[in-house]
Amino acid sequence: MKPKTKEKIPELQLVRAMAILAVLMVHATSYATVQLTNSSLYVVYNALNVLMKYGTPVFIALSSMVLFYNYKDRPMGRQLLSRFYKQRLLYILLPYVMFSLFYFILSLMAGSSEPWNIITLAKSFALKLATGKAYTHLYYIFIMMQFYLAFPFVLWLFQRCQQLPQWSIVLGLLVQWSFVIGNKFLFQ
């Protein structure tokens with residue numbers, strides 16, 4: 001049985017457009033903020049760069065909102081999980097691995113300090129792939145993959161505990177700040 005399609009939320013397209021423009025502005029001004037530090041326009045470029053950094057968090061929030069909107073009424077089961085992860089493997093993980101490999105090879109060809117030993121290169125690539133450091137702009141995909149891993153569990157919790165969604169922002173902040181404080185004092 002195919003679940004009925006949810007009503008589209010047209011306002012999301014406007015939010016997406018604003019986030020896209022913000023991300024483009026950050027990328028367009030990033031070089032200038034490094035190279036034009038002595039220019040009279042540095043303040044303008046830096047302000048645009050800093051003020052537009054809301055784009056990536058907005059994309060993450062939109063992705064989570066749309067996922068919960070589309071999946072909240074579906075019963076959590078093996079078939080749903082299988083379809084969910086197959087889609088993510090094909091459309092998220094596979095391109096992530098391919099682009100990580102592409103950037104890794106490109107950085108080697110550009111004169112990276114990596115030693116040209118196949119075992120060392122494979123270990124280095126595997127570590128960078130597993131930590132999201134194959135290329136700086138791939139961090140967003142790495143964050144989204146972590147979210148996709150946690151999503152079914154969080155969805156299951158929200159479906160089981162009807163009061164939990166209303167506390168999700170507070171709980172999210174508690175988890176985030178627990179990690180920040182734990183990372184500062186315990187993990188590092």
Practice item. Kindly establish whether Phe187 is modelled with pLDDT of 90 or more and over 25 Å from Leu62 (Cβ atoms). Key: no
Check your understanding: In region 84-103, which residues are surrounded by 14 or more Cβ atoms within 10 Å (Cβ to Cβ), under 30 Å from Ile169 (Cβ atoms) and aromatic (Phe, Trp, Tyr)?
Key -> Phe84, Tyr85, Tyr96
Check your understanding: Which pairs do you get when a residue that is part of a helix (DSSP H, G or I), found in region 125-137, comes within reach of a residue that is among the hydrophobic types (A, V, I, L, M, F, W, C), reach meaning Cβ atoms under 6 angstrom, with the pair 6+ apart or on two chains?
Key -> Phe125/Phe104; Lys128/Ala134
Exercise for review: Would you point out which residue out of Leu106, Leu81 is among the aliphatic types (A, V, I, L, M), touching a residue at least 24 places away in the same chain (Cβ under 8 Å), loosely packed, with under 15 Cβ neighbours inside 10 Å and part of a helix (DSSP H, G or I)?
Suggested key: Leu81
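If you go through region 37-50 one residue at a time, do you hit one that is within 21 Å of the chain's Cα centre (by Cα), assigned to a helix (DSSP H, G or I), under 30 Å from Glu11 (Cβ atoms) and not assigned by TED's automatic domain parsing to the domain that holds Ser168?
First pass over region 37-50, keeping only residues within 21 Å of the chain's Cα centre (by Cα): 49-50.
Now drop any that are not assigned to a helix (DSSP H, G or I), which leaves 49-50.
Retained after the next criterion (residues that are under 30 Å from Glu11 (Cβ atoms)): 49-50.
Filter again for not assigned by TED's automatic domain parsing to the domain that holds Ser168, leaving 49-50.
Taking every residue of region 37-50 in turn, at least one turns out to be within 21 Å of the chain's Cα centre (by Cα), assigned to a helix (DSSP H, G or I), under 30 Å from Glu11 (Cβ atoms) and not assigned by TED's automatic domain parsing to the domain that holds Ser168.
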**Study point:** Some residue of region 135-150 being surrounded by fewer than 13 Cβ atoms within 10 Å (Cβ to Cβ), over 20 Å from Thr56 (Cα atoms) and not assigned by TED's automatic domain parsing to the domain that holds Leu62
**Key:** no
Check your understanding: Can you tell me which of Gln159, Gln166 is part of a helix (DSSP H, G or I), touching a residue at least 24 places away in the same chain (Cβ under 8 Å) and of a type in the set (S, T, N, Q)?
Key -> Gln159
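The values are calculated or read from the model by the stated rules, or taken from the named source; none is laboratory data. Fair warning: this is a prediction, and the values are worked out from it, not measured in the lab. Don't worry about glycine lacking a Cβ; one is built from the backbone with ideal geometry, like all the others, and counts go over all protein chains shown.
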